[in-house]
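Taking it in order: structure first as structure tokens, then the write-up.
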Amino acid sequence: MTAKDQNTPIILCKDIHKWYGNFQALKGVSMEVNKGEVIVIFGPSGSGKSTFIRTINRLEDHQRGQIFVDGIELTHDVRNIEAIRMETGMVFQQFNLFPHLTVMQNITLAPIWVRKWPKDKAERAGMELLERVGIPEQAHKYPGQLSGGQQQRVAIARSLAMQPKIMMFDEPTSALDPEMIKEVLDVMVELAKSGMTILAVTHEMGFARAVADRMIFFDKGEIVEQGTPEQIFNHPKEDRTKLFLSQILSH
Amino acid sequence: MASQTNVLAPPSPPGLLDWMRRNLFSNWFSSILTIVSLTIIYFSLVQAGTWILVTADWRPVKEYPLLYLVGQYPRDQLWRTGLSLWLFTLLIGMSWGVWEKFVKAFAIFLGILLAVLALFPLASETLTTEVRLAVLANPLLIYLGYMLVRKTRIRGQHVALLWMIVSALVVLVILPGFTGNDVLPRVETTVWGGMIVTLILAAGGIVLSFPIGILLALGRRSDLPVVKVVSILFIETIRGVPLITILFMFSIILALFLPVESRIDRLLRALMAMTVFSAAYMAENVRGGLQAVPSGQIEAARSLGLTNFQVTALIVLPQALRAVIPSIVGQFISLFKDTTLVVIVGINDLLGIGKSILSIDPEFVRLQGEVYVFIAAVFWVFSYFMSYASQQIEKALGVGER
């Protein structure tokens with residue numbers, strides 16, 4: 001059952017705890033995301049921000065707390081997990097494109113096999129997405145023949161092909177050469193402006209300033225502070241936030 | 001603003017003399033090595049050539065072609081082996097049409113070989129005019145198969161399916177026949193021998209052990225404890241014993257345990273042994289490939305909503321298998337040569353036939369060299385083409401490049 005009510009958040013996390021053996025990676029994280037919101041999650045490495053978004057599509061499991069995505073509770077039930085994964089798209093730092101398939105095959109694989117679309121419908125939609133991210137001419141190449149920026153844009157198109165309600169980005173530009181970061185951020189900005197619900201773990205503060213509705217600062221497995229970009233950049237409340245911002249904004 | 005810098009063409013590749021000077025005669029040591037090597041090669045070739053063409057007595061090979069090819073298969077029923085060969089050469093031609101790069105070299109080689117055989121200028125009592133024509137039909141069938149695929153919309157899946165159907169038809173119907181049947185009278189597998197036995201054991205072993213090996217490898221990585229334990233037990237037990245032991249187990253000990261009525265065909269028992277043996281090694285090869293697939297691939301596939309089965313079949317296995325093609329083909333080639341061990345359980349494969357031919361005529365005792373060189377050459381040809389096909393497959397899949 002999905003929540004069609006406008007007021008219900010599309011992602012609801014209540015008191016999430018996660019342990020890796022004895023090490024606690026998430027310490028009681030609670031968060032709500034509304035439809036259409038663009039959230040930027042930032043913080044020092046090891047703070048649990050990647051772990052957190054990976055629990056939302058069950059790439060990591062959580063030991064305590066509840067997660068609801070689009071009204072579906074995330075439990076051990078495989079059907080719930082698969083339903084949630086169909087509605088969430090994820091873009092990884094290492095792109096993770098399938099090297100044995102062409103760009104077009106990468107994009108159409110999931111719609112054909114999961115949404116059961118016929119091949120021509122999937123390919124038409126795939127071409128539209130490739131044009132949207134700016135690289136329609138690369139459709140029949142293999143990922144290894146593309147630059148990093150192009151590969152990441154293909155990865156974004158691949159996730160969008162499933163028409164998810166939520167797009168999650170796990171440090172999408174951290175593995176890119178500086179001259180290619182802009183082309184990927186441009187795609188993400190266009191996506192944000194088109195109304196997609198976005199959860200992005202990133203250090204790109206320019207992106208946050210441009211389109212984020214809310215920024216969340218993570219440190220040592222918990223949310224330290226959240227607010228609008230204006231609040232976070234100009235009036236950070238917590239010392240840890242101020243310290244981190246001074247470190248990343250100084251260069 | 002385009003700059004006017006002169007674009008230089010790359011230097012032309014070195015001519016032959018340049019190449020020789022640089023690679024063979026670059027310094028004193030290299031030059032001496034070259035001359036010594038060339039001398040050795042020359043004399044070896046002359047020796048080998050003389051032996052092959054002049055000194056050797058090829059009677060044990062020339063006079064018994066049918067024994068090498070079909071063993072003791074009843075001579076009046078040979079039309080069935082001829083028919084089987086026609087079906088297979090047709091399929092090889094079709095395979096050439098569908099999977100050009102991998103099959104072409106072998107198809108052409110086979111066609112030329114059979115044509116030469118058919119038109120062999122020396123008179124021989126086996127090579128009657130009818131037989132020559134029947135053999136000549138094969139290169140034509142190869143070509144026919146190729147054109148058939150080119151002109152119609154037959155695709156890889158169809159040809160693969162045809163291979164399975166035709167193989168089953170040949171091995172289960174055409175060659176053995178049925179008791180009491182007039183058209184296809186029963187021919188027990190005990191009289192089959194030579195090339196057909198070697199090919200059945202090798203091809204059957206390879207084709208059957210491949211999927212079983214993959215399942216074992218996946219089973220070993222499974223989260224279900226029973227599946228995992230059974231897989232590991234199977235793999236480690238089989239890998240721990242020599243192939244001969246497994247052949248004995250299936251041939252002799254299995255027969256002791258089963259009641260007389262349900263005696264499984266001896267050739268089938270040997271095939272089961274080869275399959276089981278190869279599957280265990282295949283499993284470990286595949287497992288190496290599975291481990292080489294980055295976990296990010298599985299995460300990306302899962303986050304797209306693919307089920308576990310789809311992730312394994314569409315993303316993990318293709319990459320895993322690509323990574324281990326050299327070791328898988330190496331396993332196939334080993335299996336092909338290991339089929340010679342079945343002589344120990346009384347099955348007359350190509351090598352077994354060779355040995356028994358040596359005892360036909362007292363003069364043949366000193367001609368072991370000829371027989372074994374011939375058999376080795378046959379094995380070498382097949383092994384070479386398997387290697388060649390695997391290199392073509394690797395190139396086509398872009399292994400090592402992407």
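The values are calculated or read from the model by the stated rules, or taken from the named source; none is laboratory data. The shown structure was predicted, so the numbers you read here are calculated from the model rather than taken from an experiment. With ideal geometry, Cβ positions are generated from the backbone for all residues, glycine too; neighbour counts draw on all protein chains shown. These accessible areas exclude ligands, DNA and RNA; they are computed on the full protein's heavy atoms, side chains included. Shrake-Rupley method; radii C 1.70, N 1.55, O 1.52, S 1.80 Å.
Structure values in brief
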read-out	value
Euclidean distance between Cα centres, the range B:168-215 to the range B:284-355, Å	23 Å
The protein assembly as shown: antiparallel DSSP beta bridges as a percent of all, rounded to 5	50 percent
Between helix A:103-113 and chain A: long-axis angle, C-alpha atoms, 0 to 90°, nearest 10	80 degrees
Rh (Kirkwood; distinct C-alpha pairs) - the range B:62-187, Å	15.7 Å
Heavy-atom accessible area order for B:Trp163, B:Trp28, largest first, 1.4 Å probe	B:Trp28, B:Trp163
Equivalent ellipsoid, the range B:263-399 (semi-axes from 5 times Cα gyration tensor eigenvalues, Å)	42, 18, 9
For the protein assembly as shown, accessible area per residue (1.4 Å probe, heavy atoms of protein chains only), Å²	52 Å²
Amide proton proximity set for A:Gly28, modelled H, under 5 Å, gap of 5+	A:Ile16, A:His17, A:Lys18
Peptide B:306-316, shielding by other chains (average Cβ, 10 Å cutoff)	3
B:Trp28 versus B:Leu140: modelled label distance in nm, points set 7 Å from Cα along the beta carbon direction	6.6 nm
Quarter of Cα convex hull surface for the range A:130-177, i.e. mean projection, nm²	3.7 nm²
Chain-alone versus full-assembly comparison, the range A:66-106, residues with accessible loss of at least 20 Å² (1.4 Å probe)	A:Glu82, A:Arg85, A:Phe92, A:Asn96, A:Phe98, A:Pro99, A:His100
Cut-off under 5 Å, modelled amide H: who pairs with A:Thr228 long-range	A:Met215
Between the range B:219-248 and the range A:118-154, the alpha-carbon center distance in angstrom	44 Å
With DNA, RNA and ligands ignored, accessible area of A:Asp186 (1.4 Å probe; Å², nearest 10)	70 Å²
Ranked order, B:Tyr384, B:Tyr42 - accessible area, probe 1.4 Å, largest first	B:Tyr42, B:Tyr384
Contour excess over end-to-end distance, with Cα ends at B:Leu117 and B:Arg221 and 0.36 nm allotted per residue	32.4 nm
Cross-link pairs beyond the 28 Å C-alpha cut-off, checked among A:Lys49/A:Lys237; A:Lys27/A:Lys182; A:Lys119/B:Lys151	A:Lys27/A:Lys182
Loop GluC sites (Glu not before Pro), the range A:198-251 (other Cβ atoms within 10 Å of the site Cβ: 16 or fewer; DSSP)	A:Glu238
Spatial separation of Cα centroids for the range A:176-247 and the range A:27-58, in angstrom	12 Å
Cα long-axis angle, helix A:148-160 against chain A (0 to 90 degrees, to the nearest 10)	90 degrees
Interface residues, the range A:37-65 - accessible area loss of 20 Å² or more versus chain alone, probe 1.4 Å	A:Arg54, A:Leu59
FRET efficiency, B:Thr307 to B:Glu100 (Cβ-Cβ, R0 35 Å, nearest 0.05)	0.50
Pairs of alpha carbons in chain B whose separation is greater than 35 Å (percent)	43 percent
Those trypsin sites (Lys or Arg not before Pro) in the range A:32-131 that DSSP places in a loop and that have at most 13 other beta carbons within 10 Å	A:Lys116
Label-point gap, in nm, between B:Asp57 and B:Leu199 - each point 7 angstrom along Cα→Cβ	3.1 nm
CD proxy at 222 nm, helix term only [per DSSP H run n ≥ 4: -39500 (n - 2.57); per residue of chain A; nearest 500]	-11500 deg cm²/dmol
Which of A:Trp117, B:Trp380, B:Trp79, B:Trp192 is most accessible, then next, and so on - probe 1.4 Å	B:Trp380, B:Trp79, A:Trp117, B:Trp192
Label-point gap, in nm, between A:Ser174 and A:Lys220 - each point 7 angstrom along Cα→Cβ	2.0 nm
Whole-percent carbon and sulfur share, accessible surface of the protein assembly as shown, 1.4 Å	63 percent
Sites B:Thr5 and A:Asp186, calculated FRET efficiency, Cβ-Cβ separation with R0 35 Å, nearest 0.05	0.60
Residue-averaged [θ]222 nm for chain B, counting only DSSP H segments that reach four residues, each worth -39500 (n - 2.57)	-21500 deg cm²/dmol
Compactness index (Cα Rg / 2.2 N^0.38 Å), the protein assembly as shown	1.29
Viscosity 1.567 mPa s, 4 °C: Kirkwood-radius Stokes-Einstein D of the range A:27-181 over Cα pairs, µm²/s	78 µm²/s
Under the span-like rule (Cα at least 15 Å along the axis, Kyte-Doolittle mean at least -1.0), DSSP H helices of chain B	B:28-50, B:78-98, B:100-118, B:129-151, B:156-169, B:195-220, B:225-239, B:266-292, B:325-338, B:368-397
Computed FRET value (nearest 0.05) for B:Val230 with B:Ile108, which takes r as the C-beta separation and R₀ as 30 Å	0.10
Protein heavy-atom accessible area occluded, B/A pair - total, 1.4 Å probe, Å²	1900 Å²
Degrees separating the helix A:119-133 axis from the principal Cα axis of chain A, which is the longest one	50 degrees
